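The values are calculated or read from the model by the stated rules, or taken from the named source; none is laboratory data. Everything numeric here is computed off the predicted structure, so don't read it as measured data. Cβ placement follows ideal geometry from the backbone for every residue including glycine, while neighbour counts extend to all protein chains displayed. The accessibility values were calculated without ligands, DNA or RNA, using every heavy atom of the protein model including side chains. Shrake-Rupley method; radii C 1.70, N 1.55, O 1.52, S 1.80 Å.
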Amino acid sequence: RGVGRGRVRTLVFGPLVEGGGGGSSGRWGRTTEGDWSYPSSGILAAAVALGVGSLWLDSRWIGSVEAEEEAPRGGSYFDQWKRNYSTRIRNWSSPDKVFNVFASVTPGAPEASGPHTHMTVQDFANAILPSDFREENKDGKVHEIPTFFREIDLNGDGLLDYGEFLFFTTLMTIPRHLWGHLFNMFDSDGNGYLDLNEFKTFVEVMRTKSTFSSQARTGPKLNVSSSDFAQVDSVPAFLIQRTKGQSDHIYEAAFKEFMTEFHLAISNIEYQRFRTTQVGGMSAYDFAASLVCYAPIAEIDSYSARAQGVRNNPGSISFEEWLVFNAAMAKLEDIVQCMEYFTDSRSEFNKKDFHRAVEVVTGQKLSKTQVDVIFHVFDRDADGKLNIKEFHTILRSRQLKSVGRDRETGIKNFLQCISQCVRGESS
């Protein structure tokens, strides 16, 4: 599987697996009895070796043909390679690998020493949000730490450890409309609150259901187990501080308030990451970049070229308008479905129709600048019509962030990919 590409390298594996030999037919598939038959051990070893070699070569600067194809985006060649590598780590690696790559601090140790055991808020932003393709904003600085992260940092060190990283990425994957329902499902005795043990059970179960955090392994370089994330003391303590009454009780209202503030902080970080000036709002080009950066690596070039077309748009987007957009996109699937039904009755879907669809579904009104940018970026042939499929694909990726996407890690899934390739299934 090409790293970050989401596809099987059929040219590498097909001939090897179909070539017979040994005690089997040389084909990988199911027998009539439903059991698995495998190629000979020599062929399998060769396939695995070539697969690992393919992964290694695909991640190398010198040996990557795909990296050469992605070179035109501006900035130094190394910066482009680094952005692509970071994207692949976010999208395809296990949580411990993501943490190891992006963490930059080890308390009490020299800055250059590693591996690092803690993240700054900037590191956290780098780990969950895409890299900006623009050279002038390649670092995506978070200039002001959101209030939420300052308040929850009870020991005042401004850092996140591995357990806290897993906890927060787990929370990012819980659908907003299920916050209260899931919380109350774990109130087993029906007393209206969760005690500390119930809360830890709740967050551990949420971790196992997360496409990202469920892949957590013991960090060999961190000396920390994935199960330790349920022991994050700062979060229950923070919630209890807000609860009137018993000191070990966490109520639904406090949890929902906590979740709301957490997502507001994530929105704040993302707004800062793509805004290229600390004065005034986000420019139209900044907003376009914040959308384009969620495109697949192979398509970044074409989308970034379209984003260039709004450089001269004088409009700007305030943080309040940014929040309105995020709230509206929380109902992306409903918006897209309404647009698709509507286009069945008409030959075009213009800006006025889009404004109306968003308002009808969400009750939110997007700014003129936001809609102008969306139509410019997702109007491939410049005919004034929105390409609904492109819009849906990239905005869905934006909603999920890297922690919400399905990922395949480990040798088991690698071998399953080979099997799918031989059977002609899509990956």
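Table for the structure above
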{"read-out": "Average accessible area per residue (Å²) across the stretch 268-312 - probe 1.4 Å, nucleic acids and ligands excluded", "value": "35"}
{"read-out": "Apportionment of accessible area to carbon and sulfur, the stretch 246-335, percent (1.4 Å)", "value": "50"}
{"read-out": "Extension gain (nm, one decimal) between residue 323 and residue 400, 0.36 nm per residue minus Cα-Cα", "value": "26.1 nm"}
{"read-out": "Listed residues 143, 116 arranged by accessible area, highest first, probe 1.4 Å", "value": "143, 116"}
{"read-out": "Simple spin-label estimate for residue 150 and residue 186 in nanometres, 7 Å along Cα-Cβ", "value": "2.9"}
{"read-out": "Peptides ranked, highest mean first, by Cβ atoms within 10 Å: ranges 369-376, 272-279", "value": "369-376, 272-279"}
{"read-out": "Estimated FRET transfer efficiency when R0 is 35 angstrom, pair residue 368-residue 97 (beta carbons, to 0.05)", "value": "0.25"}
{"read-out": "Too-long pairs where the Cα-Cα distance tops 26 Å, listed order kept, from 209/256; 141/365; 82/389; 138/331", "value": "141/365; 82/389; 138/331"}
